[in-house]
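The values are calculated or read from the model by the stated rules, or taken from the named source; none is laboratory data. None of these values were measured; they are calculated from a predicted model. Using ideal geometry, Cβ is built from the backbone for each residue, glycine included, and neighbour counts are taken over all protein chains shown.
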Amino acid sequence: MDFVPRILAGLSALLLTLGVGLAHNPPTPVSPPTTIREVVVVSSFHTTTTQPPTTTTTSTVPAGTECGQWWGLALQLGWQPEHMETLDYIMWRESRCDPTQHNTTLNKDGSSDIGLTQINDRSWCLPTRWYPNGYLQTIGILSKVGCEQLFDPATNLKAAKAIHDYHVSNGQRGFEAWGL
């Protein structure tokens, strides 16, 4: 049954990629390929007017990025544009942009790493003496004990952002969990 979360995460990633691409980029006539892509994040702010104003943030995905398909989602989940190149590097280095990756053999302590950003189960989502339900469960990123939800790209990127912010709030480098 270990394969079910991986299949669901892969399907979720495919649907998310197709859905984001169709929702934000209506079909256009075929044109020559370009080396620069743009990711558009639209957010609405509620006010007392009858129609809430909409703001649009555009972030250019530079040529040569490896995991640009995840940039729009990451920005929607709170990642800042100035972190995107480092996050892109992490997703490529850790999982080759594949949310179904699960490292169960490389850690000497027997822990495993899960999903796009290869979040370590022992450190972040399994029970510890400080966080009896797991850190990511305690802060509300994961809804149940265990780490299977980290195969979902959105959940993984949210968790990675929480880990980044945890390090920053403790006076460390935000990407320290990934050795950067």
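Filter region 92-120 down to the residues that are among the β-branched types (Val, Ile, Thr) and part of a loop (DSSP other than H, G, I, E, B) and list them by number.
Listed by number, the residues that qualify are 100, 104, 105, 117.
If only one of 155, 117 is surrounded by 15 or more Cβ atoms within 10 Å (Cβ to Cβ), under 23 Å from residue 64 (Cβ atoms) and modelled with pLDDT of 95 or more, which one is it?
Working: 155 fails: under 23 Å from residue 64 (Cβ atoms).
So the residue among 155, 117 that is surrounded by 15 or more Cβ atoms within 10 Å (Cβ to Cβ), under 23 Å from residue 64 (Cβ atoms) and modelled with pLDDT of 95 or more is 117.
For region 122-147: of the residues being surrounded by fewer than 21 Cβ atoms within 10 Å (Cβ to Cβ) and in contact with an Asp or Glu (Cβ under 9 Å, 6 or more places away or on another chain), which is modelled with the lowest pLDDT?
Per the criteria, the residue is 146.
What are the residues in region 127-152 that are under 16 Å from residue 114 (Cα atoms), of a type in the set (A, V, I, L, M) and within 19 Å of the chain's Cα centre (by Cα), if any?
Across region 127-152, the qualifying residues are 136, 141, 142, 150.
Considering region 158-180 alone, what residues qualify as being under 18 Å from residue 81 (Cα atoms) and either of a type outside the set (Asp, Glu) or surrounded by 14 or more Cβ atoms within 10 Å (Cβ to Cβ) (or both)?
Once the filter is applied, which keeps residues that are under 18 Å from residue 81 (Cα atoms) and either of a type outside the set (Asp, Glu) or surrounded by 14 or more Cβ atoms within 10 Å (Cβ to Cβ) (or both), region 158-180 yields 158, 159, 160, 161, 162, 163, 164, 168, 173, 174, 175, 180.
I'm trying to understand the selection: among the residues of region 121-157, which are in contact with a Cys (Cβ under 6 Å, 6 or more places away or on another chain), in contact (Cβ under 8 Å) with a residue 24 or more places away in the chain and part of a loop (DSSP other than H, G, I, E, B)?
Within region 121-157, 125, 147 meet the criteria.
Does residue 70 satisfy being surrounded by 20 or more Cβ atoms within 10 Å (Cβ to Cβ), assigned to a loop (DSSP other than H, G, I, E, B) and touching a residue at least 12 places away in the same chain (Cβ under 8 Å)? Show your work before the answer.
Working: surrounded by 20 or more Cβ atoms within 10 Å (Cβ to Cβ): yes; assigned to a loop (DSSP other than H, G, I, E, B): no; touching a residue at least 12 places away in the same chain (Cβ under 8 Å): yes.
In short, no.
Are any residues in region 158-180 farther than 20 Å from residue 104 by Cα and in contact (Cβ under 8 Å) with a residue 40 or more places away in the chain, and if so, which ones?
Passing the criteria: 158, 161, 163, 164, 174, 175, 180.
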